[in-house]
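One structure is given below, encoded as C-alpha cells.
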Amino acid sequence: MGERWQIRRAGAADAPHRVLMIPGGMCTTEFYADVMAEPTVAGLQTVAVTQPGFGPTEAPVDVSMEHYARLMAEFAAEDGCDTVVGHSLGANVALEMAAMGLFHGPLVLLSPTFSRGDEETFLTVLNALGRVPVLGPAAWTAMIRLLPKALKRELPPHRADALAAVMSGNDPAACRRIVRAYYAYLDRYPSLVPRLCEADVPAWVVRGDRDGIGLTDGERRGLDACPRVRTVTVADAGHLALVEQPAAVAAVVAEAVTAAVR
C-alpha cells in the first residue's frame, strides 16, 4: 500500500505566502528541490506535493484530470496556498483547478500541454500501445526501466542520478492508467488555451527554448491575446526547466506571488 501524500516543505512556517508546487507525470517532489532552494523564494513557504499515483504514492480509483484538480485544490485550501505552480501534467492539473473554479490565485504553468497534438510522440505511441493486452503492460514496464536512463542526458550531472532514481520508482500499471485518463482529457478539448483564458486568473506559461512539448502558432496567438496570461521562455532549457534553470523558474514564481499580494 503506497502513501497518500508525499510532501516537501521549504521556508518558514509563518511565511506570509505559501506556494503549492505540483510535479509532472512520473515525477515527485524531488524535481522541485532546486527551485525551492533558490534565494529568490526564501521568503515564501513552498510546498511540493507528489500527485497520488506517482513515486511511492498510491493512485486513487478515479485518475481523471478533473479528480486530480479537485484533490490538489482541496490540499491547497487546507494548507493555505495562495499560488500554484505545476509542471507538465501537473501544470494541466493546475490549469484545471482554475478552470473548474476551484482555485482563484496566480498560476505558474511549466510546460503545459494545450492540445493532443502538442504532446511528445513517444508518449502518444506508448498510450496507444498501453491499450493492447499483454503488450501494453510490457511496454509500460520497459518504459519505466528505460526512460530514466535516457532522461539523464537532459539533466544537470549533479542531479541526474537522484532524479532518474525517482522516476524508476513508479508503478507501470498506475502510470498507464493515469496517462490513459490524461489523453481522454486532451480529447475533450481541441485546445485548452480558451479554458485557461476563461479561468480569468493571473497565469505565467513558462517553456524552455528547446521544450519537447509543442505550441502551435494559433495557441501562441491565443495566449498572447489573454490579458491575464504572460508567456515566458527560459533560455538553455528543455522540458525540465525547473531542474535545468531553477533560478529562472524561481524568479517567475516570486513574480507570481506579487500578483497574489495584489
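The values are calculated or read from the model by the stated rules, or taken from the named source; none is laboratory data. Because the structure is a prediction, the values reported are computed rather than measured. Using ideal geometry, Cβ is built from the backbone for each residue, glycine included, and neighbour counts are taken over all protein chains shown. The accessibility values were calculated without ligands, DNA or RNA, using every heavy atom of the protein model including side chains. Shrake-Rupley method; radii C 1.70, N 1.55, O 1.52, S 1.80 Å.
Exactly one condition in (1) surrounded by fewer than 24 Cβ atoms within 10 Å (Cβ to Cβ); (2) assigned to a strand (DSSP E or B); (3) of a type in the set (Gly, Ala, Ser) is not met by Ala73; state its number.
(2)
Collect the residues in segment 153-171 that are farther than 16 Å from Gly25 by Cβ, part of a helix (DSSP H, G or I) and either open to solvent by less than 20 Å² (accessible area, probe 1.4 Å) or touching a residue at least 40 places away in the same chain (Cβ under 8 Å) (or both), keeping them in residue-number order.
Those that are farther than 16 Å from Gly25 by Cβ, part of a helix (DSSP H, G or I) and either open to solvent by less than 20 Å² (accessible area, probe 1.4 Å) or touching a residue at least 40 places away in the same chain (Cβ under 8 Å) (or both): Arg159, Ala160, Ala162.
Taking into account only those residues within segment 109-130 that are of a type in the set (Val, Ile, Thr) and either in contact with a His (Cβ under 9 Å, 6 or more places away or on another chain) or assigned to a helix (DSSP H, G or I) (or both), which is surrounded by the most Cβ atoms within 10 Å (Cβ to Cβ)?
Looking only at segment 109-130, we keep the residues that are of a type in the set (Val, Ile, Thr), and these are 113, 121, 124-125.
Remaining after also requiring either in contact with a His (Cβ under 9 Å, 6 or more places away or on another chain) or assigned to a helix (DSSP H, G or I) (or both): 121, 124-125.
Values: Thr121: 9, Thr124: 15, Val125: 11.
My answer is Thr124.
For segment 47-62, enumerate the residues that are open to solvent by 10 Å² or more (accessible area, probe 1.4 Å) and of a type in the set (A, V, I, L, M).
Ala59, Val61
Got a sec? Which of Ala174, Ala254, Ala259 is more than 18 Å from Ser111 (Cβ to Cβ), touching a Pro at 6+ places or on another chain (Cβ under 7 Å) and either among the aromatic types (Phe, Trp, Tyr) or in a helix (DSSP H, G or I) (or both)?
Ala259
Of the conditions (1) open to solvent by 50 Å² or more (accessible area, probe 1.4 Å); (2) without any contact (Cβ under 8 Å) to a residue 12 or more places away in the chain, Ala150 clears all except one; give me its number.
It is condition (1) that Ala150 fails.
Quickly run through segment 240-251 and pick out the residues that are part of a loop (DSSP other than H, G, I, E, B), open to solvent by 30 Å² or more (accessible area, probe 1.4 Å) and out of contact with any strand residue (DSSP E or B) (no Cβ under 6 Å at 6 or more places or on another chain).
Answer for segment 240-251, where residues must be part of a loop (DSSP other than H, G, I, E, B), open to solvent by 30 Å² or more (accessible area, probe 1.4 Å) and out of contact with any strand residue (DSSP E or B) (no Cβ under 6 Å at 6 or more places or on another chain): there is none.
Cβ contacts < 6 Å: first residue within 19 Å of Leu95 (Cβ to Cβ), restricted to segment 54-73; second residue open to solvent by less than 10 Å² (accessible area, probe 1.4 Å) and among the aromatic types (Phe, Trp, Tyr), any location; separation 6+ or different chain. Result?
Pairs that qualify, where the first residue is within 19 Å of Leu95 (Cβ to Cβ) and the partner is open to solvent by less than 10 Å² (accessible area, probe 1.4 Å) and among the aromatic types (Phe, Trp, Tyr), are Met65/Tyr185.
Across segment 131-147, what is the total count of residues that are assigned to a helix (DSSP H, G or I) and either of a type in the set (Lys, Arg) or under 17 Å from the mean Cα position of the chain (by Cα) (or both)?
1
Please go through segment 27-43 and give me each residue that is part of a loop (DSSP other than H, G, I, E, B) and either modelled with pLDDT under 95 or open to solvent by 20 Å² or more (accessible area, probe 1.4 Å) (or both), ordered by number. Walk me through how you get there before you give the answer.
At the first step, the residues of segment 27-43 found to be part of a loop (DSSP other than H, G, I, E, B) are 27-28, 37-38, 42-43.
Of everything in segment 27-43, those that are part of a loop (DSSP other than H, G, I, E, B) and either modelled with pLDDT under 95 or open to solvent by 20 Å² or more (accessible area, probe 1.4 Å) (or both) turn out to be Ala37, Glu38, Ala42, Gly43.
Among the residues of segment 180-228, write down those that are under 24 Å from Ala254 (Cα atoms), open to solvent by 40 Å² or more (accessible area, probe 1.4 Å), part of a loop (DSSP other than H, G, I, E, B) and out of contact with any strand residue (DSSP E or B) (no Cβ under 8 Å at 6 or more places or on another chain).
Correct list: Asp200, Arg210, Pro227.
Could you go through segment 46-64 and let me know if any residue there is hydrophobic (A, V, I, L, M, F, W, C), farther than 30 Å from Pro156 by Cα and part of a loop (DSSP other than H, G, I, E, B).
Checked segment 46-64: at least one residue is hydrophobic (A, V, I, L, M, F, W, C), farther than 30 Å from Pro156 by Cα and part of a loop (DSSP other than H, G, I, E, B).
Quick one: Val93 ticks every box in (1) in contact with a strand residue (DSSP E or B) (Cβ under 7 Å, 6 or more places away or on another chain); (2) of a type in the set (Val, Ile, Thr); (3) surrounded by fewer than 24 Cβ atoms within 10 Å (Cβ to Cβ); (4) closer than 22 Å to Leu192 by Cβ bar one, so which box is it?
Status for Val93: all satisfied but (3).
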